[in-house]
1. Ranked highest first by the average count of other Cβ atoms within 10 Å around their residues, in what order do 83-93, 423-433 fall?
2. May I ask you to give the average projected area over all directions of the convex hull of the Cα atoms of region 394-433, in nm² rounded to one decimal?
3. Just to be sure I understand the model, the point goes 7 Å from the Cα along the line to the Cβ. What's the resulting Arg101 to Arg535 distance in nm?
4. In units of 2.2 N^0.38 Å, what is the alpha-carbon radius of gyration of region 27-185?
5. Averaged across orientations, what area in nm² does the convex hull of the alpha carbons in the chain project?
6. Among Gly238, Met173, Met188, which residue has its Cα furthest toward the positive end of the charge dipole of region 132-250, with +1 on Lys/Arg Cβ and -1 on Asp/Glu Cβ?
7. Looking at the calculated P(r) for region 91-196, what percent of the C-alpha pair distances fall above 19 Å?
8. What is the spread of the Cα atoms of region 354-409 along each of their three principal axes, largest first, in whole Å?
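Taken together, the values in this text are just the output of simple stated rules run on the coordinates, not laboratory data. Quick caveat: nothing in here was measured; it's all calculated off a predicted structure. Here the Cβ positions follow ideal geometry from the backbone for every residue, glycine too, while neighbour counts run over all protein chains shown.
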Amino acid sequence: MIERIATKPYDDQKPGTSGLRKKVPHFKQENYVQNFLQAIFDTVGKGERETLVIGGDGRFFNRDVVAIAIRMAAANGYGRVIVGQGGILSTPAASNLIRKRGAAGGIVLSASHNPGGPKGDFGIKYNIENGGPAPERITSAIYKKTKAIGEYRIYSAPAPEFLTVGERSLGDMTVEVIDPVADYADLMEELFDFGKIRDLIASGFKVRFDAMHAVTGPYATEILENRLGAAEGSVVNGEPKEDFGGGHPDPNAVYAADLIEELMRDDGPDFGAASDGDGDRNLIVGRGIVVTPSDSLAVLAANAHLAPAYKKGIAGVARSMPTSQAVDRVAKKLGIGAYETPTGWKYFGNLLDAGKVTICGEESAGTGSDHVREKDGVWAVLLWLNILAERHESVKAIIESHWSEFGRTFYQRHDFEEIDTDKAEGLMESLRDRLASMAGQRFGSLVVSEADDFSYKDPVDGSVATGQGVRIVFSGGARIVYRLSGTGTAGATLRVYIERYESDPAKHTQDPGEALAELISIADSVGEIKKRTGRSEPDVIT
Ligand code: G16
C-alpha cells in the first residue's frame, strides 16, 4: 500500500558540488532523507514504470537509505529498481548501469572521500539518464522542492532483502539485485587491452592498489587479481567497511601515505594506485614518483590512443578551471578542443554527450572519459596500465619525457579546512571587491595580467554558472585561484590553487614547493589568509 506521510521542510537541503552531503546524525533527523528523496522524485517526475538504479559506497547508513529509496521508488511509480548487492555500487559502476540498462536515472549514496561512520559523513546524489550527475537546473529545482515539501510517498511494506542477487518485488515494482562488479568489469575489458596488461604483469611488473577499505576493493580484486593476473594481495585494504576502517578514504599524499612510502623504495612495486570512498577518484604513483592529478590527465590525454577504446584519437579534452593547464598544451599539439569548466563533474556531461570531448579531468584526483558520465578511478588505473604495457617504460620515465616534450606545470593545491564560514566568505568577498583594480599590480617579481571571478557559459545548452572562483593570472601565465569547497560538511574549506609553467628541462626536477615559493607567499598576502583566518599553514597540500 502506498502511504502519504505529512512532513515539514528543512531549509538546508541545497545540493553542493556533488549532491547533498551532511553528517550522518544530520541525515538521521526525522524525514530528512525522505524529504530529499521525494524532492528528487517530484522534480524528475518521470517514475511511471521506468527503471531507477540505486546503490552507494557502502558507508554507514547506506543500507538504511537504500531500503528507504526502494520503498519510495515503489510508491512513486517506478517499474523496476536495479540495486547493487548489499546496496553497493561504485559511482562509475552506477553511471554505467544507468546507461547500459536505459534507466531513467539513479540514486547514488556517497560522501565520496569524506570519512564515514555514525558520526561521519553521508551523501545523496541524483544522476540523470545519461548516467551523469544532475546538472544545475535540476539540482536547483530539487532544492526549491525541498523548501516547500508537505508530504512524501512510501510503500508501507518493508523493502525486500538485497543481500543476495535475484529478482523480487515490492507492490508492482520489480527489485532486481545485481552483482555490482560484473557489468563494470566487462566494460573495462572492452575498453582496454587486457591481454597486453596481463603480459606486462606476468613479466614481473608489480602492482599495488590501495582500496582504502572503500568501494573499489571488490572491483579492483576482480579486475587486477582475477582477470589480469596480479598476485593475490596486490589489492590492499580491499574489504569495504562502513567506517573505512576508521580512515579517511581520500587518495592523496596525506591519507595514502603508506602506499606512497611503499612506492618510494628502490625495491617497491612498479605501479601504485588508490581510489576513494565511492571509486571515482584516483591517485597514481610510480616507483619514485607521485603523479599529480593534473599531470596524470595530461599524460592520459597524450597517450590515450595506445588503448583500444581511443585508438582513433580523442575528440577533445575538458578540465575544471582550477586544474592545471598542462592538458591544454597536449590539446594544442593534438589540434583538438580544450574546455575549461567550473568545478563539478556535472559540467562535463553536455560536452561528453555532444561528442566535443573524450577525456576530462580535475585536480581533485578525478579523470574519466566518455565511457560513463562520472569520473572513474579504476578506469584511470587501467588506462595507465595499458599505456605502460605499450610503452615499456617506467611511470617516472613517461612523466619526465612528457615534461620535456610539453614543459612542466608546477602545481599545488593548499586546503585550509574548517574555517569559520563568515571569515571564509569575507575573504572571498574582499578578493572580489579588489578584482577590478588588480591588473597591472606588481607582487615581488610578478605582475598581474588579469583577474576575474570565473563564469562559464555551457557551449551546448547556453546555461551560465557565475561566481566559480577568483583567478589571478600573472604575466607569463602563472596563476593563483581561490575558491570555497562545495563538498565539506563542517565550516568552510578554502582551496588555493597555485601553478607556474616551466619550459626549461634543466629546472624540471625542482621541488614544487620551491618552484612555487614566491607564488605561495603572494597567495597568502593577496588573499589575506593569515590575517583573516589566523592560519599560516594549510591543513593539506595536494
Ligand atoms: C566532487 C565533484 C568534483 C570536484 C570535487 C571537489 O567530487 O564531482 O567535480 O572536483 O567534488 O569539489 P570541491 O572543491 O567543491 O570540494 P567527489 O569525488 O567529492 O564526488
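1. Working: 83-93: 27.6, 423-433: 15.8.
Going by the mean number of other Cβ atoms within 10 Å, highest first, we get 83-93, 423-433.
2. Working: hull surface 19.7 nm².
The directionally averaged projection comes out at 4.9 nm².
3. 4.1 nm
4. Numbers: Rg = 14.2 Å, N = 159, 2.2 N^0.38 = 15.1 Å.
The value comes to 0.94.
5. Details: hull surface 93.5 nm².
Result: 23.4 nm².
6. Met173
7. Working: 3543 of 5565 pairs.
Value for region 91-196 (Cα pairs over 19 Å): 64 percent.
8. Each principal axis gives a Cα extent; for region 354-409 these are 33, 25, 22 Å.
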